[in-house]
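*Asks:* The following block contains the structure, expressed as structure tokens.
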Amino acid sequence: MHQEYTVIEGDFVNAGAASSSVKKTLKQLNVNPQVVKRVVVALYEAEVNAIAHAYGGKVTVDIDAGKIRMVVADKGPGIPDIALAMQEGYSTARPEVRDMGFGAGMGLPNMQKNVDRLNVTSEVGVGTTVEMEVNF
Amino acid sequence: MTLREIVGLLDATVCTGEAHLDTEVQSAFASDLMSDVLTLKDTPILITGLCNIQTIRTCDMACLQFVVFVRNKKPSADMIELAEENDMVLIACEYSMFKTCGLLFEAGLYPLF
């Protein structure tokens, strides 16, 4: 099953719409609730990051027997130092993002904790792609 | 402790979810930082002063069904609509976060850690 969603820069009102839709799909497929939570928390963190830091992007989700693959690809400033961005507490979030309850430098580390495979690639001035896989 | 008892204890109003007020809850977590809420493994009642649509989205992702808004924060119509879609209970009180936590802790709700 293949799903695609568009993420719009600064659109905090709809942040989480893709994750919410994926959650409904996984529940309909009777996926274990613990797995559903891991998937949607990781995807939501990535979605919020794309809205907060980039100029929009695309979420693609592929659900196969036993595996969920999610890719959040944004057009944005990119991440100059991915290792630094992976450190808990490191954040470059604007005050507006913090006002929404995010921007504490916990997004990427929390994605790492919830998925079985995380791959972050980024090019400064071009954008960032976050690939995640969860087995179930 | 039931949600109904919590409403009475906090002199709170129920914004949505009246039908679930007899549900028993055991534990609570207080935070205005949704990033912290997203790290929880358990599903406590959430006590928060952050009152925007992302509070509801975060609870949906983290499988939290019950929210107490403190400091006289009132959820908007779109927040209530999204909460209703997800079968949530939203409660609002005028007390501070500190007083709310103190009252609920004293009444027997457990912290997560």
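The values are calculated or read from the model by the stated rules, or taken from the named source; none is laboratory data. This one's a predicted model, so the numbers in the text were calculated from it and none came from an experiment. No Cβ is skipped: glycine too gets one built from the backbone with ideal geometry, and neighbour counts run over all protein chains shown.
*Asks:* Can you go through A:V59, A:V126, A:V115 and tell me which one is more than 20 Å from A:G10 (Cα to Cα) and at pLDDT 95 or above?
*Replies:* On the way: A:V59 fails: more than 20 Å from A:G10 (Cα to Cα); A:V126 fails: more than 20 Å from A:G10 (Cα to Cα).
The conditions single out A:V115.
*Asks:* On to the next question. Yes or no: B:D22 on the phi > 0 side of the Ramachandran plot and either free of Cβ contacts under 8 Å to residues at least 40 places away in the same chain or outside any helix (DSSP H, G or I) (or both)?
*Replies:* Values: on the phi > 0 side of the Ramachandran plot: no; either free of Cβ contacts under 8 Å to residues at least 40 places away in the same chain or outside any helix (DSSP H, G or I) (or both): yes.
Considered against the rule, which asks whether it is on the phi > 0 side of the Ramachandran plot and either free of Cβ contacts under 8 Å to residues at least 40 places away in the same chain or outside any helix (DSSP H, G or I) (or both), B:D22 comes out as no.
*Asks:* Starting from residues that are more than 10 Å from chain B (Cβ to nearest Cβ) and farther than 14 Å from A:G107 by Cβ, keep the ones in segment A:39-58 and report whichever is farthest from the chain's Cα centre (by Cα).
*Replies:* Applying the filter and picking the extreme gives A:Y55.
*Asks:* Sticking with this one: Looking only at segment A:95-120, which residues are within 16 Å of A:L43 (Cα to Cα) and outside any loop (DSSP other than H, G, I, E, B)?
*Replies:* Answer for segment A:95-120, where residues must be within 16 Å of A:L43 (Cα to Cα) and outside any loop (DSSP other than H, G, I, E, B): A:G107, A:L108, A:P109, A:N110, A:M111, A:Q112, A:K113, A:N114, A:R117, A:L118, A:N119, A:V120.
*Asks:* Can you name the residue in segment B:67-84 that is among the charged types (D, E, K, R) and more than 9 Å from chain A (Cβ to nearest Cβ) and is also nearest to B:L10 (Cα to Cα) among such residues?
*Replies:* Let us first name the residues in segment B:67-84 that are among the charged types (D, E, K, R), namely B:71, B:73-74, B:78, B:81, B:84.
Keeping just the survivors that are more than 9 Å from chain A (Cβ to nearest Cβ) gives B:71, B:73-74, B:81, B:84.
Details: B:R71: 11, B:K73: 14, B:K74: 15, B:E81: 24, B:E84: 22 Å.
Looking at residues that are among the charged types (D, E, K, R) and more than 9 Å from chain A (Cβ to nearest Cβ), I get B:R71.
*Asks:* Which of the residues spanning segment A:15-30 are in contact (Cβ under 8 Å) with a residue 12 or more places away in the chain and either assigned to a helix (DSSP H, G or I) or within 12 Å of another protein chain (Cβ to nearest Cβ) (or both)? Before the answer, list the steps.
*Replies:* Start the filter on segment A:15-30 by keeping residues that are in contact (Cβ under 8 Å) with a residue 12 or more places away in the chain, which leaves A:15-23, A:25-26, A:29.
Scanning segment A:15-30 gives A:A15, A:G16, A:A17, A:A18, A:S19, A:S20, A:S21, A:V22, A:K23, A:T25, A:L26.
*Asks:* Considering only segment B:1-19, state which residues are of a type in the set (D, E, K, R) and either in a loop (DSSP other than H, G, I, E, B) or touching a helix residue (DSSP H, G or I) at 6+ places or on another chain (Cβ under 9 Å) (or both). Steps first, answer last, please.
*Replies:* As a first pass, look at segment B:1-19 and keep what is of a type in the set (D, E, K, R): B:4-5, B:11, B:18.
Across segment B:1-19, the qualifying residue is only B:D11.
*Asks:* Right, here's the next one. Could you please find all residues in segment B:27-41 being of a type outside the set (G, A, S) and in a helix (DSSP H, G or I)?
*Replies:* So in segment B:27-41, the residues of a type outside the set (G, A, S) come out as B:29, B:32-34, B:36-41.
B:M34, B:D36, B:V37 - these are the residues of segment B:27-41 that are of a type outside the set (G, A, S) and in a helix (DSSP H, G or I).
*Asks:* It is to be established whether one or more residues within segment A:58-74 are of a type in the set (S, T, N, Q) and either closer than 15 Å to A:F136 by Cα or in a strand (DSSP E or B) (or both).
*Replies:* yes
*Asks:* What tally of residues in segment B:42-66 results from selecting those that are more than 7 Å from chain A (Cβ to nearest Cβ), more than 19 Å from A:R38 (Cα to Cα) and either among the hydroxyl-bearing types (S, T, Y) or part of a helix (DSSP H, G or I) (or both)?
*Replies:* Selection size over segment B:42-66: 1.
*Asks:* So is A:V48 at pLDDT 95 or above, of a type in the set (A, V, I, L, M) and under 14 Å from B:Q54 (Cα atoms) or not? Give the steps one after another, and end with the answer.
*Replies:* Working: at pLDDT 95 or above: no; of a type in the set (A, V, I, L, M): yes; under 14 Å from B:Q54 (Cα atoms): yes.
Spelling it out, it is not the case that A:V48 is at pLDDT 95 or above, of a type in the set (A, V, I, L, M) and under 14 Å from B:Q54 (Cα atoms).
*Asks:* Output the number of residues of segment B:43-61 satisfying the condition of being more than 19 Å from A:R98 (Cα to Cα) and touching a helix residue (DSSP H, G or I) at 6+ places or on another chain (Cβ under 7 Å). Even if it seems obvious, please write down each step before you answer.
*Replies:* First pass over segment B:43-61, keeping only residues more than 19 Å from A:R98 (Cα to Cα): B:43-45, B:60.
Checking the rest, the ones that are also touching a helix residue (DSSP H, G or I) at 6+ places or on another chain (Cβ under 7 Å) come to B:60.
Here the count works out to 1.
*Asks:* Inspect segment B:32-41 for any residue being closer than 21 Å to A:A104 by Cβ and more than 11 Å from chain A (Cβ to nearest Cβ) and give the result as yes or no. Walk me through how you get there before you give the answer.
*Replies:* First, the residues of segment B:32-41 that are closer than 21 Å to A:A104 by Cβ: B:32-41.
Right, trim to more than 11 Å from chain A (Cβ to nearest Cβ) and you get none.
Within segment B:32-41 (the criterion being closer than 21 Å to A:A104 by Cβ and more than 11 Å from chain A (Cβ to nearest Cβ)), the answer is no, since none of the residues qualifies.
*Asks:* Specify which of the listed residues (A:P77, A:P33) is surrounded by fewer than 20 Cβ atoms within 10 Å (Cβ to Cβ), more than 11 Å from chain B (Cβ to nearest Cβ) and either more than 15 Å from B:Q54 (Cα to Cα) or aliphatic (A, V, I, L, M) (or both). Steps first, please.
*Replies:* Working: A:P33 fails: more than 11 Å from chain B (Cβ to nearest Cβ).
Exactly one residue qualifies, and that residue is A:P77.
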